[in-house]
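Every number in this text was worked out from the coordinates using simple rules, so none of it is lab data. Bear in mind the structure is a predicted one, so any value in this text is a computation, not a measurement. Glycine gets a Cβ as well: all are built from the backbone with ideal geometry, and neighbour counts include every protein chain shown.
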Amino acid sequence: MGWQRYSGFALPLLLLLLWQGLASAGVVQPMVLPSPLAVAERWWAALLPAQAYDAAQGSYWSWLFSGELPHDAAASLWRVLMGFLAGAIPALPLGLIMGASASAYALFNPLIQILRPIPPIAVIPLAILWFGIDELSKVFIIAYGAFFPILVNTLAGFREVERVQVRAAQALGANRYQVFRDVVLRSAFPFIIIGARLGMSMAFIVLVAAELIASSAGLGFMISDARYNFRTDQMFLGMACIGVLGFALNTLLLKLERSLLKWKPQ
């Protein structure tokens, strides 16, 4: 039914209404928890005509008119995408090799299990020591955080392939390439997408931590700067931007899965 498509927005809308009601009733101070309308005002003010900039000079709207919001969002998005790709490029083939070869699994798995519990935040000082405070250090930290979720799920996908399906394809005359393409890869691809989604989420988590340290642009830097200036509404705006970007990228990954796996029941 059509209403089911939009039913997931009912709970967030209810929470927003409750939040606005508490803020309007004065239950919480705006400095501690600004109302959703105050956060939306900072967001939508960027869409006002450029002539309104003069009237906004000296006010808190000037931050939006200065173009810092698009600049910070673009900087964070670029870092997430670069770090995600830098983590996925080695994770995917390594997961395939470990899933297909028992000897490769025995060789790499101990090292993977030692490194995997180390949180990406603990790598930040080492990344700054190795790469300085430029973009490369932030991309490295994000890649480190995204690498392990993608690797573990890719490995699980290739190890969970039903051997009966492989033997059935071989009995029907499929060669090794056809078995890999039509059976192994199709069976593992849902796991790969799940790993990519988890890796993307981890990339955003690590992004904020990386941008809080030695950064002059980005949504994490924006949140940190708002903390020093006691701008709670700007903090919520930065968090909302991160949520929107994460939601958009997750939706793209889901659409990719549906387009490549049309045979798979939803």
Self-check item: Over region 64-260: Kirkwood hydrodynamic radius from C-alpha pairwise inverse distances, Å
Solution: 18.3 Å
Exercise. Name the long-range amide H neighbours of R231: under 5 Å, sequence gap of 5 or more, or other chain; modelled H, no Pro or chain starts.
Key: none
Exercise. Return the distance in nm (one decimal) between the two label points of a simple spin-label model at L198 and E135, each offset 7 Å from Cα along Cα→Cβ.
Key: 3.0 nm
Quiz item: What is the extension gain from S216 to R186, computed as 0.36 nm multiplied by their sequence separation minus the C-alpha to C-alpha distance, in nm to one decimal?
Solution: 6.5 nm
Practice problem: Express in nm, to one decimal, how much length is gained between A156 and L254 on full extension, taking 0.36 nm for each residue of separation and deducting their alpha carbon distance. | Solution: 33.4 nm
Self-check item: Computed label-point distance, nm, for sites L115 and A10 using a 7 Å Cα→Cβ extension
Solution: 4.7 nm
Quiz item: On full extension of the chain, what length is gained from L92 through L107, given 0.36 nm per residue of separation minus the C-alpha to C-alpha distance?
Solution: 3.7 nm
Quiz item: Say each of S24 and L81 gets a label point 7 Å from the Cα, pointing the same way as Cα to Cβ; how far apart are those two points in nm?
Solution: 4.0 nm
